[in-house]
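Structure, as structure tokens:
The values are calculated or read from the model by the stated rules, or taken from the named source; none is laboratory data. Computed from a predicted structure; not experimentally measured. In this analysis, Cβ positions are derived from the backbone assuming ideal geometry, glycine residues included, and neighbour counts consider all displayed protein chains. Just so you know, the surface numbers come from the protein's heavy atoms only, side chains and all, with ligands and any DNA or RNA stripped out. Shrake-Rupley method; radii C 1.70, N 1.55, O 1.52, S 1.80 Å.
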Amino acid sequence: MEFKNLKRQYEKLKPEMDKAIQESCEKADFIHGSEVMKIEEELADYVKVKHCITCANGTDALQLALMCWGISRGDAVFVPDFTFFSTGEAPAVLGATPIFVDVDTRTFNMSLEALRKAIETVIADDVLIPKAIIAVDLFGQPADYPGIRAIADEYDLQLLEDGAQGFGGCIDSQKVCSFGDISTTSFFPAKPLGCYGDGGALFTDNDEWAETIRSLCVHGKGKDKYDNIRLGMNSRLDNLQAAILRVKLKAFIGSELLQVSEIAQKYNMELSKQVKTPFVKELYKSSWAQYTIQLENSSIREKVISVLRGYNIPTAVYYAKPLHRQQAFKNCNYIHINNKLSVENADRLCETVLSVPIFPYMSKEEQNMVIEKINEGISKCEY
Ligand SMILES: *Cc1c(COP(=O)(O)O)cnc(C)c1O
């Protein structure tokens with residue numbers, strides 16, 4: 001069994017996909033081609049945001065947003081402690097200080113109380129200037145945007161939505177990638193909406209920022225890329241990837257989101273007696289980038305992993321290490337601030353979470369097998 005069976009997805013989409021790839025090669029407009037413009041329009045329409053700007057990957061997208069706001073040395077950026085490395089890497093690479101905020105034990109997303117405490121601690125310390133919050137839609141579920149937005153407004157902070165895992169999710173009828181002042185996503189192949197390589201995008205309603213981001217993506221271009229008015233990056237989505245994404249977006253909206261949510265519902269029903277299943281808040285919809293259960297402790301987790309491995313069922317621990325424990329952050333980390341902030345929930349989740357196979361084209365037989373073997377693994381621990 002595979003963790004995400006992308007080959008099976010390709011088999012389903014093959015006729016349309018091969019045609020799109022071939023046409024794109026024949027046209028040979030590889031950079032800034034017509035497919036890039038079309039996918040940007042389609043993504044903006046889907047998310048209901050005015051501007052979509054594609055770029056090379058989800059990490060660049062975060063960095064571009066922070067560059068657009070001029071975030072740099074001396075600035076504090078609040079990020080959840082339990083997330084993929086990029087969320088903290090983007091501010092740190094620009095010289096800003098990521099402040100690691102604990103998460104809610106049920107949703108795995110940034111905790112409002114911990115966020116408020118982190119902001120107050122930075123203000124009281126009076127060295128760094130609080131500038132922005134990066135909220136992450138972890139494993140597919142949107143962060144608590146009503147709550148986070150209120151805090152961002154209260155302290156006059158920019159809100160950046162890291163929707164790399166959340167694309168396709170929503171709160172009520174409002175879609176992921178529309179909650180931030182700028183929002184970003186990733187088209188890494190294993191994300192809810194992936195391409196056949198690296199890709200990413202930014203979303204914003206702000207005309208001026210959209211123009212700045214377009215410039216930053218192409219070496220800080222002015223009237224063209226040989227007229228450089230600021231320092232930028234070279235971060236673009238290939239036309240070929242855009243063509244691939246257009247086929248994938250149609251399948252994603254047309255059927256995959258629903259398929260994956262049905263698989264999640266079945267897991268919920270059949271696993272919730274044995275393990276802690278994911279909690280999704282009322283009115284929130286997850287795009288199920290991961291289906292992540294919690295075990296009692298790390299030794300039970302090891303046992304379950306090894307039972308599943310015995311049947312060739314892959315699992316993954318997202319994440320084994322919270323950001324505050326990553327060596328890479330040792331130097332940009334204001335230890336005296338981060339030491340005042342408890343991140344015990346993130347620490348505990350790293351010991352207990354386990355992500356199991358989920359993807360739109362998973363068969364009933366495959367899913368039944370995963371369920372059966374998880375239950376078998378748990379029962380082996382009960383002696
Ligand atoms: C994958 C991911 C990213 C980075 O995306 P890339 O396209 O791999 O650079 C950023 N944030 C989160 C939460 C992610 O899961």
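Some points to look at:
- Positions within the stretch 153-165 being without any contact (Cβ under 8 Å) to a residue 60 or more places away in the chain and farther than 13 Å from ILE182 by Cα, in sequence order: ASP153, GLU154, TYR155, ASP156
- Count of residues meeting criterion [part of a loop (DSSP other than H, G, I, E, B) and not charged (D, E, K, R)] in the stretch 197-221: 5
- Scope the stretch 59-76; condition within 16 Å of the ligand (Cβ to nearest atom) and open to solvent by 10 Å² or more (accessible area, probe 1.4 Å); matching residues: THR59, ASP60, GLN63, MET67
- Hits in the stretch 23-58 - residues which are in a helix (DSSP H, G or I), of a type in the set (Gly, Ala, Ser) and away from the ligand (no atom under 16 Å from the Cβ): SER24, SER34, ALA44
- Selection count where residues are more than 16 Å from the ligand (Cβ to nearest atom), outside any loop (DSSP other than H, G, I, E, B) and either open to solvent by less than 10 Å² (accessible area, probe 1.4 Å) or in contact with a strand residue (DSSP E or B) (Cβ under 8 Å, 6 or more places away or on another chain) (or both), scope the stretch 140-166: 6
- Residue match in the stretch 112-123 (condition: crowded, with 23+ Cβ neighbours inside 10 Å and polar (S, T, N, Q)): no
- Test: residue in the stretch 103-125 that is part of a helix (DSSP H, G or I) and within 12 Å of the ligand (Cβ to nearest atom): no
- Test: residue in the stretch 1-10 that is assigned to a helix (DSSP H, G or I), touching a residue at least 40 places away in the same chain (Cβ under 8 Å), surrounded by fewer than 22 Cβ atoms within 10 Å (Cβ to Cβ) and away from the ligand (no atom under 16 Å from the Cβ): yes
- Helices (runs of 4 or more DSSP H) enclosed by the stretch 326-383 - at least 3 residues per element that are on the phi < 0 side of the Ramachandran plot, open to solvent by less than 70 Å² (accessible area, probe 1.4 Å) and of a type outside the set (Asp, Glu): 344-352, 364-381
- The stretch 300-319: number of residues that are out of contact with any strand residue (DSSP E or B) (no Cβ under 8 Å at 6 or more places or on another chain), open to solvent by less than 70 Å² (accessible area, probe 1.4 Å) and in a loop (DSSP other than H, G, I, E, B): 1
- Where ASN228 falls short, out of the listed (1) open to solvent by less than 50 Å² (accessible area, probe 1.4 Å); (2) more than 16 Å from the ligand (Cβ to nearest atom); (3) polar (S, T, N, Q): (1)
- Meets criteria (part of a helix (DSSP H, G or I) and either in contact with a Pro (Cβ under 7 Å, 6 or more places away or on another chain) or free of Cβ contacts under 8 Å to residues at least 12 places away in the same chain (or both)) for GLN241: no
Quick grid of which residues meet (1) modelled with pLDDT under 95; (2) assigned to a helix (DSSP H, G or I); (3) surrounded by fewer than 21 Cβ atoms within 10 Å (Cβ to Cβ); (4) within 15 Å of the ligand (Cβ to nearest atom):
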position	(1), (2), (3), (4)
SER183	no, no, no, yes
PHE188	no, no, yes, yes
PRO192	no, no, no, yes
CYS195	no, no, no, yes
ARG246	no, yes, yes, no
GLY254	no, yes, yes, no
LEU258	no, yes, yes, no
GLU270	no, yes, yes, no
ALA289	no, no, no, yes
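- Taking the criterion of being within 18 Å of LEU240 (Cβ to Cβ) and in contact with a Leu (Cβ under 9 Å, 6 or more places away or on another chain), the residues of the stretch 37-51 that qualify are ILE39, GLU40, GLU42, LEU43.
- Residues of the stretch 167-181 satisfying the condition of being away from the ligand (no atom under 13 Å from the Cβ) and among the hydrophobic types (A, V, I, L, M, F, W, C): CYS170, ILE171, PHE179
- The stretch 272-287 - residue that is of a type in the set (D, E, K, R) and surrounded by fewer than 19 Cβ atoms within 10 Å (Cβ to Cβ) and, of those, nearest to PHE3 (Cα to Cα): LYS276
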